[in-house]
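> Pasting a structure below so you can have a look.
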Amino acid sequence: MNPVVGVTAIAAVSLATAVIGFYGLRVSRTTGDFYVASRTVKPWWNASAIGGEYLSAASFLGVAGLILLSGTDALWYPVGYTAGYLMLLLFVAAPLRRSGAYTIPDFTEARLDSRAVRRITSLVVVLVGWLYIVPQLHGAALAIRITTGLPAWVGPVAVVAVVCITVVSGGMRSITFVQAFQYWLKVTALAVPVVFMLLVLGGSGLSPAAAPAANPTALGPSGPYQTISLLVALLFGTLGLPHVLVRFYTNPDGQSARRTTLIVLGLLSVFYLLPTAYGMLGRVYAPDLAQSGQADALVLLLPGRVVGGTAGELLSALVAAGAFGAFLSTTSGLVVSLAGVISQDVFGGSVRGFRLAALVSALVPLGIASMTESLALAGSVGLVFAFTASTICPVLLLGIWWRGLTDAGAIAGMVTGGVLCGSAMVAGSVLGAAQTPSWLAQPAAWTVPAAFAIMVLVSRATRGRVPRRITRLMMRLHTPERPLATER
């Protein structure tokens with residue numbers, strides 16, 4: 001790609017993000033605006049914003065790359081990402097909104113009447129957020145290097161700079177507008193080139209190349225255990241993603257939260273058809289990228305290869321803009337969710353504290369990304385889902401649906417799941433993909449049940465610690481709001 005075209009595309013989407021963020025500043029006045037947009041975001045806006053922040057580097061670049069490497073085995077990723085939202089709809093969305101909390105630690109402290117639980121939850125939420133931001137910055141480094149020829153470090157620095165400006169300016173209110181815009185940008189950036197590529201291929205008779213052989217080091221599932229474990233990670237991990245859960249606090253009521261989730265399911269289903277199409281086209285027309293270690297760059301490179309000429313460069317520039325939008329939207333959502341947690345626990349919960357916490361939330365993963373190398377994007381994010389499913393998910397599900405959960409059980413379960421899954425992730429990074437056994441490469445199948453089991457067993461052993469206000473709390477979580485009361 002012509003570097004000037006690439007730089008122009010990325011600069012344009014960064015400028016649009018900043019402009020929309022500054023518009024949000026005009027309507028951000030209160031602490032509630034910064035944390036949860038004063039709980040006034042309508043379902044379509046919220047659903048678009050959720051799609052914007054959830055469809056990360058793993059979705060925009062990584063899914064197509066994994067399909068190029070692993071073929072149909074990798075289709076479990078988009079299936080799991082989308083189905084996770086069905087779990088949210090059924091078990092979490094409305095009760096979490098009714099809790100009235102600002103953050104996940106707020107919820108666990110209120111539910112279990114324990115500052116210790118809050119501290120552990122806050123630590124886990126921050127760790128999950130940082131682990132999730134790092135792949136976004138790796139994806140930005142890849143996109144900058146491929147599309148502009150600039151040094152790879154420019155990508156992560158640019159993402160963090162734009163995100164900090166946007167989040168610090170207007171908090172959740174600004175980010176809602178930004179992420180809704182970026183969802184539709186991502187869909188357009190993938191859909192338009194696909195249409196042009198299919199038209200060119202249908203009329204030119206371009207000869208397909210040999211499809212790549214299955215890659216034994218690919219992070220896609222390659223057997224029954226790997227598939228089941230991956231689905232456990234994606235289905236249960238979605239329930240614990242802090243940047244997704246905080247979105248349900250912005251709905252006016254539980255009914256709106258459920259409607260938002262239904263719309264998100266539709267938006268995700270439409271989106272994931274597109275990277276799947278790129279992956280399938282890549283196996284036919286660009287298999288060499290699998291052998292050269294550039295699978296994650298398939299979405300960026302394929303339009304230029306198939307269409308060619310000025311049109312190909314313009315289509316590649318559109319894809320680059322959408323990719324950068326993916327990095328910006330997901331990172332901004334994570335920074336907002338982490339800033340809310342850090343601000344309340346460290347900086348007193350003020351607007352100024354929120355802004356300081358946002359800077360900390362963005363700069364720490366920037367340092368980590370600068371010292372680490374990128375893995376396959378979808379696979380690395382899949383491990384973050386496994387960690388989330390082993391820690392935050394059990395305390396949310398049991399906290400919402402089981403009266404018997406205690407603070408001691410919640411702490412024991414989160415620590416157990418975090419230690420087991422974290423140890424598996426470290427062991428896998430030390431051994432390398434080729435040498436890591438499947439039960440360590442995909443640990444969710446045993447770490448998630450272990451976390452649930454420990455949480456239940458310890459809670460039963462400490463049943464005297466069940467909060468006295470449990471009946472009132474459970475009624476609040478599960479009693480639908482009156483429509484007339486929410487309309488006033």
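> Could you grab me the full set of residues in the stretch 287-298 that are surrounded by fewer than 18 Cβ atoms within 10 Å (Cβ to Cβ) and in a helix (DSSP H, G or I)?
Asp288, Gln291 - these are the residues of the stretch 287-298 that are surrounded by fewer than 18 Cβ atoms within 10 Å (Cβ to Cβ) and in a helix (DSSP H, G or I).
> Identify the residue in the stretch 101-141 that is in a helix (DSSP H, G or I) and of a type in the set (Asp, Glu) and, among all such residues, is modelled with the highest pLDDT.
Residues of the stretch 101-141 that are in a helix (DSSP H, G or I), as a first pass: 104-112, 115-141.
Next, from what is left, pick out any that are of a type in the set (Asp, Glu): 106, 109.
Values: Asp106: 88, Glu109: 93.
In this case the residue turns out to be Glu109.
> Given the conditions (1) assigned to a helix (DSSP H, G or I); (2) over 16 Å from Leu405 (Cβ atoms), and given that Leu96 satisfies all but one, which numbered condition is not satisfied?
It fails just one condition, (2).
Yes or no, residue by residue, for (1) of a type in the set (A, V, I, L, M, F, W, C); (2) part of a helix (DSSP H, G or I); (3) surrounded by 17 or more Cβ atoms within 10 Å (Cβ to Cβ):
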| position | (1), (2), (3) |
| --- | --- |
| Leu338 | yes, yes, yes |
| Ile342 | yes, yes, yes |
| Gly353 | no, yes, yes |
| Pro365 | no, yes, yes |
| Ala369 | yes, yes, yes |
| Leu383 | yes, yes, yes |
| Leu396 | yes, yes, yes |
| Ile400 | yes, yes, yes |
| Gly404 | no, no, no |
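> While we're here: For the stretch 380-415, what are the residues that are closer than 30 Å to Phe60 by Cα and among the hydroxyl-bearing types (Ser, Thr, Tyr)?
If the condition is that a residue be closer than 30 Å to Phe60 by Cα and among the hydroxyl-bearing types (Ser, Thr, Tyr), then Ser380, Thr388, Ser390, Thr391 are the ones that fit.
> Out of curiosity, is Gly322 open to solvent by less than 20 Å² (accessible area, probe 1.4 Å) and either modelled with pLDDT under 90 or under 20 Å from the mean Cα position of the chain (by Cα) (or both)?
Taking the combined requirement at face value, the residue satisfies it.
> Spot the failing condition for Leu301; the list is (1) open to solvent by less than 10 Å² (accessible area, probe 1.4 Å); (2) closer than 18 Å to Gly6 by Cβ; (3) aliphatic (A, V, I, L, M), and only one is missed.
So Leu301 meets the others, but not (1).
> So Arg98 ticks every box in (1) at pLDDT below 85; (2) out of contact with any Asp or Glu (no Cβ under 8 Å at 6 or more places or on another chain) but one. Which box is left unticked?
Failing condition for Arg98: (2).
> Restricting attention to the stretch 102-125, report how many residues are crowded, with 24+ Cβ neighbours inside 10 Å and of a type in the set (S, T, N, Q).
Number of matching residues: 3.
> Being of a type in the set (Lys, Arg), modelled with pLDDT of 95 or more and open to solvent by 20 Å² or more (accessible area, probe 1.4 Å) is true for just one of Arg469, Arg460, Arg488. Which residue is that?
The conditions single out Arg460.
> Among the residues of the stretch 1-38, which ones are part of a helix (DSSP H, G or I), open to solvent by 50 Å² or more (accessible area, probe 1.4 Å) and modelled with pLDDT of 60 or more?
Pro3, Val4, Val7, Thr8, Ala11, Ala12, Leu15, Val19, Phe22, Tyr23
> Would you mind listing the helices (runs of 4 or more DSSP H) fully within the stretch 409-488 where at least 2 residues are free of Cβ contacts under 8 Å to residues at least 60 places away in the same chain?
So the answer is 444-461, 470-478, 483-487.
The values are calculated or read from the model by the stated rules, or taken from the named source; none is laboratory data. Not measured: the values here are computed from a predicted model. No Cβ is skipped: glycine too gets one built from the backbone with ideal geometry, and neighbour counts run over all protein chains shown. Surface accessibility is based on the protein's heavy atoms, side chains included, excluding ligands, DNA and RNA. Shrake-Rupley method; radii C 1.70, N 1.55, O 1.52, S 1.80 Å.
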